[in-house]
Amino acid sequence: METIAHFSHQHLLTICAIREHEEIDCAACEKHCSNQSYCCKKCKFFLHKSCAELSRELKHDLHPHNLTLCDTANLGCRHCDACLKRFRGFTYRCELCNFDLDIECARKSTDCSKVTKQIQHFSHGDSLILTEVIDEDKELWCRACKRRCLSNAYSCDSCQFFLHESCAELQQELCHQVHSHTLKLCPTVDDDAGLSCDFCGEIFHGFVYQCDECRFQLDVICAQQLPPSESGDQKEMDHFGHRHPLTPCTRKDQDEIFKCRACDKSCLGQVYGCERCEYFLHESCAKLPLEWEHLCPGQHPLKLQVAMYHYCDLCAKRIEGYMYSCEQCNFALDVLCAQMPPTRPGRRVTDTRQKVRDIRKRHFCHEHVLTGSVKREEDRVLCSGCKKRCSGLTYACDECKFYLHEGCYELPREYEHFFHPLHKLTLQNSQLGVYCTACEKKCRGFTFSCRECKFHMDVVCTMMAKKVTCDPASYIKHFSHGHPLKVINEEWNTKCSACNKQRLDLSVTYGCKKCRVWLHKSCAQLPQKIEHFFHKECPGQLSLEARPSLEPRLRKVKCRACHKECQGFIFRCERCRFKLDVECALMPSTIPEGTQTKYFPGHGHPLQLHQINEDATVRWCSVCKNRCVDATYECSLCESFVHESCTELTSIISHPFHLDHRLQLRIKDRFTCGACLKESSGFTYDCCSCPFSLHVGCANLKPKIQFDAHEHNLCFFDSLYVKAKCNACSTEIVPCSGKKNKEEMESKVEVIRCVRCNYNRHLLCGPLPCTIKSKNHNHDIQLEDKFLEDNSGIYYCDACERTRSPIECVYRCTQPRCPYVAHFDCMKSEVTCLLKGEQKDVELRTLRTRISGKLMSEDQEITKCKPHGEMCTKDVPTLENLLDAFLEEEQMKFPDAFQILTKEMCGLGLESFWEPLKGEGGIPKASPFSCQAFSQFRNMLEPETENSHFSMTFFENEVFVDVEGFMVVQSLAPVLKKLLEKRGDISMKSQLSSNSKNLIFTMLCGAIKNMSSTKVDHPFFETLFYNWWNHVKMAKHAGFETQFFSGHLDKILRARFAVQADKVQEEKLKELDGQIEKWQASSEEWTVKAAELTDARRRYRESAESSLIKVTSNEAKELEDNTVGSALL
């Protein structure tokens, strides 16, 4: 046997063979050992053969010095300087530089193209490692240029420091044409202020080139864009309107439409521009003369300038761009008006203004005639439509101070907008203010609204839709956003609103810069309606909705396929509230053609067929929890595996374990199997009408054991998973210990049981086969309660050849001359196989009592049912489903009704209302029997606020049952039945869905049941009443007829007030009597004090309002011996 001595271990290492299933790791590389390895079995030390033969010294391109192979046992845990991962195996180490490489990184080729590149950058203290492929989910931003790193970036993961490869290779010193001195590369300080680039004037937070002499700063982006060189006719122009040279270029209508900075018109064709600053001029505007003769001869010449809040004295509009002005006369013309030839010599501009004042017009939102006028921003006049300052031509009613821009006056009365396709939007004047659905900001003045849907949009957001018509190549309209989405090329630090993923390439995206919302092109073209294989039971289609991402107030929803929270758009069914996120909904269309696919009703994603070998990584079936081998269907998104046979499972069955109802195959987050009593999650056959679930594996079991001591057939189980009592010996049946992982064995205790009755027997207490066959013996062997072969006192088992007890049961040979005897435990495998039904018509009996039984020959097959059977057409809701349905519908139909849903009691501590009325010593001023006290008591328990609370404390999370078409929890079914008999359907006028009605009926019945066990003198009556009242108010707000309930609450409120007020008053009178008696027993000088107290007692008693006492006391007397809910139903 081969043996070596290794520097890392004190003993010799011997070659050995390690099996695949043994969990043994190599001490050098920390990877799994298999096949031939070196080991020291005494110390449990193992090395791969290749690791044991590693050279002691290594020359590596990542470090200038030689590296020595070391064991980390004496060094402790190390960090590899190449991959930055933590490791405990061997290391190639340089002691001089404290440099370490783990075995995996050291083994990589020294070819620079394959080795992880590492640099030391001046801007960071630690080494930076080159990463060529970056995970698409990671958002890494370069510290130099502040742009996102998509590939080829240097990083220091511990400091979250990243640099593009190109940015890391920037020159540290630079001579640039925009500055006369040498510039040095410097990192900026990490703060919010940043530095201002002296070339483009923008604030920058990345690296800058800086001049130490004159503090000139140039950001790295500007530094890499050198001024263009002159060639041929392409000559630069120095223009007074811009600090950078302008270069002639051709602008085409592609991604952006820029406006000329001189005339404010679209810049297309031949232009002069600065691409860096997006500053462009028409060729004609760039060559405008610097002086211009005035329209009227004899006036001063006009000079070309950049307009700053100026208005044209000819057209009275604000000048956007350049102007010709005369500073002496305070006269200005825009570029277009300046070029207009005078139509009549000597014509004055005032003629135009006079025509403006002659305008007379009417507008639907104002009763008076509006006259034309010219306004400037300095006038501080606000437009009554858009609430912005008026400038230029304005329609005004100076008497009412009503003003309208020309554009606001010409707004259409009706507008068809893509964001609200159901109805036309009507122009209206909202003086109190509404919230714009597009930008979610409050707006006042003119809005385009739909009164029927309570939908509002401000004028600016509405008229932005014209961009789609004017420039269809650059803008699209999308139902998810109120503004048109524009083709964008820049990258934003946000995710796509539809799929919630980052932009990973330079593909086309559509976005709204104002709201920072964008969509991938593929997401913008998603179909509005789809049909999905996972949504077959409902005839409705799935419609695309953007509500979860655009309305955060609504409760989050989960995808029915992946069971994760939907972060972007969803596909939703209006009929059954079925929801899928975008990725899961479109997954069937992304599978390559030719792939063998299965649409399994228990899984929301298509499954693809694969062959799994036995030596491959262990895979477990998601349905039956057994190992997958050979043909297996796999979900690439969830890493879920299903046996080919499990995909053929029947969706609805009838089972002998649960004869009352049918069982439906579904997925549950948590359930307890009614057969083996194991708590689990995943696939289960679940009852639609009661809380019964069955493992898929247990669904294959059948009760085949007929037993004379029990009315039903019994079934054999390998184990139970909770404690149970044996009905024969009355001792505990030990539950299965379970297992920590799927490779570990479970400790099992076999049991024979009746699932329907929870009747259980230990294996030895139950019926056992009278005769069995063993593979170790040729003859039949029969069951014996005990067996003594002779009087030797020593007896052996012929199966295991160990001693046995003569008083324990055995199986012995039926042949008279054959002495074969075996322990029961040695024959247990044969016994359990028979009890599982592998052989028919087997006679059974119990030990000692000899109660007979038989293994039935008739095979009770599991009955398959049609998917739309009579008992499963109505899916019974759960409490969680009702809560989801109500909260979603309540937000849409009653947005201001109830803000908080709590599972705890609301209004805790309200009983403290009575403490101030008791007083803290002294003479009380008034009795608690006052209208003021009663009014305060009522307002506390019946607040008028719309934002009420309601709790879920009056019922448990039980199974729901049907009561005359409504669903309530089982314990409240009698209450609802009595309510419907006496009051009828009080929900008839409600517009809520059936699920929301079920929830409100459950809440009301829970309150009624709680009232039926509460008396008027209950110590926490105020807290309970507060919750009852909130439940009734919620039902009233939802359209339920609750007058009878409200009247009853008023009655018990008065009764409670009488009980508590009388209690407070009697306590105070008793206290006063004690004080009077005390003073009277004192000396004569205290007689006056006693007289004062007696008078105060009289006034306190007389201050009580007799009418209030009479009304409230009568109510209290009626409820004296009854609960507060006794007269309600």
Open item on the list: So Gly89 passes all but one of these: (1) open to solvent by 10 Å² or more (accessible area, probe 1.4 Å); (2) at pLDDT 80 or above; (3) in a loop (DSSP other than H, G, I, E, B). Which condition number does it fail?
Closed with: (1)
Open item on the list: When the residues of segment 152-187 are narrowed to those that are assigned to a loop (DSSP other than H, G, I, E, B) and hydroxyl-bearing (Ser, Thr, Tyr), which ends up surrounded by the most Cβ atoms within 10 Å (Cβ to Cβ)?
Closed with: Ser180
Task: Hits in segment 694-717 - residues which are in a strand (DSSP E or B), modelled with pLDDT of 90 or more and touching a Cys at 6+ places or on another chain (Cβ under 9 Å) - done: Leu694, Ile705, Phe707, Leu714, Cys715, Phe717
Open item on the list: I'd like the full set of residues that are touching a Ser or Thr at 6+ places or on another chain (Cβ under 7 Å) and open to solvent by less than 50 Å² (accessible area, probe 1.4 Å), limited to segment 823-843.
Closed with: Met827, Glu830
- [ ] Just give me the residues in segment 58-80 being part of a strand (DSSP E or B) and touching a helix residue (DSSP H, G or I) at 6+ places or on another chain (Cβ under 9 Å), in sequence order.
- [x] Leu58, Leu67, Leu69
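Only one residue in Asp686, Asp669, Asp660 is out of contact with any strand residue (DSSP E or B) (no Cβ under 7 Å at 6 or more places or on another chain), charged (D, E, K, R) and not in a loop (DSSP other than H, G, I, E, B), so which one is that?
Values: Asp686 fails: out of contact with any strand residue (DSSP E or B) (no Cβ under 7 Å at 6 or more places or on another chain); Asp669 fails: out of contact with any strand residue (DSSP E or B) (no Cβ under 7 Å at 6 or more places or on another chain).
None of the other options fit; the residue is Asp660.
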- [ ] Please identify the pairs in which a residue from segment 984-1005 that is under 16 Å from Leu1129 (Cα atoms) has its Cβ atom under 7 Å from the Cβ atom of a residue that is open to solvent by 50 Å² or more (accessible area, probe 1.4 Å) and in a loop (DSSP other than H, G, I, E, B), counting only partners at least 6 apart or on another chain.
- [x] Ile986/Glu1041
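One residue is enough: does segment 683-691 have a residue meeting the conditions small (Gly, Ala, Ser) and open to solvent by less than 20 Å² (accessible area, probe 1.4 Å)?
The first filter runs over segment 683-691 and keeps only residues small (Gly, Ala, Ser), leaving 689.
So of that shortlist, the ones also open to solvent by less than 20 Å² (accessible area, probe 1.4 Å) come out as none.
No, segment 683-691 contains no residue that is small (Gly, Ala, Ser) and open to solvent by less than 20 Å² (accessible area, probe 1.4 Å).
Any idea which of Leu393, Leu422 is of a type in the set (A, V, I, L, M), open to solvent by less than 90 Å² (accessible area, probe 1.4 Å) and either in a strand (DSSP E or B) or modelled with pLDDT of 80 or more (or both)? Reasoning before the result, please.
Working: Leu422 fails: open to solvent by less than 90 Å² (accessible area, probe 1.4 Å).
Only one candidate qualifies: Leu393.
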Open item on the list: Need pairs with beta-carbon distance below 7 Å; first residue open to solvent by less than 70 Å² (accessible area, probe 1.4 Å) and among the aliphatic types (A, V, I, L, M) and within segment 792-805, second at pLDDT 90 or above and assigned to a loop (DSSP other than H, G, I, E, B); sequence gap 6+ or separate chains.
Closed with: none
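Tell me, please, whether a residue that is open to solvent by 40 Å² or more (accessible area, probe 1.4 Å), closer than 30 Å to Ala307 by Cα and either modelled with pLDDT under 80 or assigned to a loop (DSSP other than H, G, I, E, B) (or both) can be found in segment 206-224.
Step one: list which residues in segment 206-224 are open to solvent by 40 Å² or more (accessible area, probe 1.4 Å), which gives 212-215, 224.
Cutting the leftovers down to closer than 30 Å to Ala307 by Cα gives us none.
No - not one qualifying residue is present in segment 206-224.
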Task: Subset of segment 58-86 [under 11 Å from Leu101 (Cβ atoms), modelled with pLDDT under 85 and of a type outside the set (D, E, K, R)] - done: His60, Leu62, His63, His79, Cys80, Ala82, Cys83
Task: Unique match (being of a type outside the set (Ser, Thr, Tyr), farther than 24 Å from Val582 by Cβ and assigned to a helix (DSSP H, G or I)) among Cys461, Cys523, Cys453, Cys439 - done: Cys461
Open item on the list: Going by what's in this entry, would Arg376 be described as charged (D, E, K, R), open to solvent by less than 100 Å² (accessible area, probe 1.4 Å), within 54 Å of the chain's Cα centre (by Cα) and modelled with pLDDT under 80?
Closed with: yes
- [ ] Could you list, in sequence order, all residues of segment 489-520 that are without any contact (Cβ under 8 Å) to a residue 40 or more places away in the chain, in contact with a strand residue (DSSP E or B) (Cβ under 8 Å, 6 or more places away or on another chain) and either over 26 Å from Cys584 (Cβ atoms) or assigned to a loop (DSSP other than H, G, I, E, B) (or both)?
- [x] Trp492, Thr494, Arg503, Ser507, Val508, Cys512, Lys513
Open item on the list: Please count how many residues of segment 746-774 are in a loop (DSSP other than H, G, I, E, B), surrounded by fewer than 18 Cβ atoms within 10 Å (Cβ to Cβ) and charged (D, E, K, R).
Closed with: 3
- [ ] Could you list all residues from segment 117-148 that are basic (Lys, Arg) and modelled with pLDDT under 85?
- [x] Lys117, Lys138, Lys146, Arg147, Arg148
TODO: Kindly check whether there is at least one residue in segment 1054-1069 that is surrounded by 15 or more Cβ atoms within 10 Å (Cβ to Cβ), at pLDDT 70 or above and in contact with a Leu (Cβ under 7 Å, 6 or more places away or on another chain).
DONE: yes
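Among the candidates Cys383, Cys436, which residue alone is surrounded by 19 or more Cβ atoms within 10 Å (Cβ to Cβ) and over 42 Å from the mean Cα position of the chain (by Cα)?
Values: Cys436 fails: over 42 Å from the mean Cα position of the chain (by Cα).
Result of the check over Cys383, Cys436: Cys383.
Can you confirm whether Thr1023 is more than 19 Å from Ser990 (Cβ to Cβ), surrounded by fewer than 22 Cβ atoms within 10 Å (Cβ to Cβ) and touching a Cys at 6+ places or on another chain (Cβ under 9 Å)? Lay out the reasoning, then the answer.
Details: more than 19 Å from Ser990 (Cβ to Cβ): yes; surrounded by fewer than 22 Cβ atoms within 10 Å (Cβ to Cβ): yes; touching a Cys at 6+ places or on another chain (Cβ under 9 Å): yes.
Spelling it out, Thr1023 is indeed more than 19 Å from Ser990 (Cβ to Cβ), surrounded by fewer than 22 Cβ atoms within 10 Å (Cβ to Cβ) and touching a Cys at 6+ places or on another chain (Cβ under 9 Å).
Answer with yes or no whether Val369 is modelled with pLDDT of 80 or more and surrounded by 11 or more Cβ atoms within 10 Å (Cβ to Cβ). I'd like the intermediate steps shown before the answer.
Values: modelled with pLDDT of 80 or more: yes; surrounded by 11 or more Cβ atoms within 10 Å (Cβ to Cβ): yes.
Spelling it out, Val369 is indeed modelled with pLDDT of 80 or more and surrounded by 11 or more Cβ atoms within 10 Å (Cβ to Cβ).
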Task: Cβ-Cβ under 6 Å pairs, at least 6 apart or on other chains, segment 530-542 side on the phi > 0 side of the Ramachandran plot and free of Cβ contacts under 8 Å to residues at least 12 places away in the same chain, far side of a type in the set (Phe, Trp, Tyr) and surrounded by 14 or more Cβ atoms within 10 Å (Cβ to Cβ) - done: none
Open item on the list: Among the residues in segment 615-624, are any open to solvent by 80 Å² or more (accessible area, probe 1.4 Å) and closer than 22 Å to Arg560 by Cβ?
Closed with: no
- [ ] Quick one: which residue in Ser640, Ser719, Ser654, Ser636 is open to solvent by less than 60 Å² (accessible area, probe 1.4 Å), under 32 Å from the mean Cα position of the chain (by Cα) and small (Gly, Ala, Ser)?
- [x] Ser640
Task: Qualifying position, being farther than 27 Å from Cys450 by Cα and either modelled with pLDDT under 85 or among the aromatic types (Phe, Trp, Tyr) (or both), among Lys355, Lys401, Lys361 - done: Lys355
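Being within 23 Å of Tyr633 (Cα to Cα), modelled with pLDDT of 80 or more and of a type in the set (Lys, Arg) is the requirement here; does Arg560 meet it? Break it down stepwise before answering.
On the way: within 23 Å of Tyr633 (Cα to Cα): yes; modelled with pLDDT of 80 or more: yes; of a type in the set (Lys, Arg): yes.
For Arg560, the condition - within 23 Å of Tyr633 (Cα to Cα), modelled with pLDDT of 80 or more and of a type in the set (Lys, Arg) - is met.
Taking the residues in segment 27-57 that are part of a strand (DSSP E or B) and open to solvent by 40 Å² or more (accessible area, probe 1.4 Å) as candidates, determine which candidate is modelled with the highest pLDDT. Talk me through it step by step, then tell me what you get.
Taking segment 27-57 as the starting set, the residues that turn out to be part of a strand (DSSP E or B) are 32, 35-40, 45-48, 57.
Adding the requirement that they be open to solvent by 40 Å² or more (accessible area, probe 1.4 Å) leaves 32, 35-36, 57.
Numbers: His32: 80, Asn35: 74, Gln36: 79, Glu57: 88.
It comes out as Glu57.
Among the listed residues Phe966, Phe954, identify the single one that is within 36 Å of the chain's Cα centre (by Cα), farther than 25 Å from Ala1058 by Cβ and modelled with pLDDT under 85.
Working: Phe966 fails: modelled with pLDDT under 85.
Result: Phe954 is the single residue among Phe966, Phe954 that is within 36 Å of the chain's Cα centre (by Cα), farther than 25 Å from Ala1058 by Cβ and modelled with pLDDT under 85.
The values are calculated or read from the model by the stated rules, or taken from the named source; none is laboratory data. Nothing here was measured: the structure is a model prediction, and the numbers come from that model. Note: ideal-geometry Cβ built from the backbone for every residue, glycine included; neighbour counts use all protein chains shown. Calculation scope for accessible area: heavy atoms of the full protein, side chains included, ligands and nucleic acids excluded. Shrake-Rupley method; radii C 1.70, N 1.55, O 1.52, S 1.80 Å.
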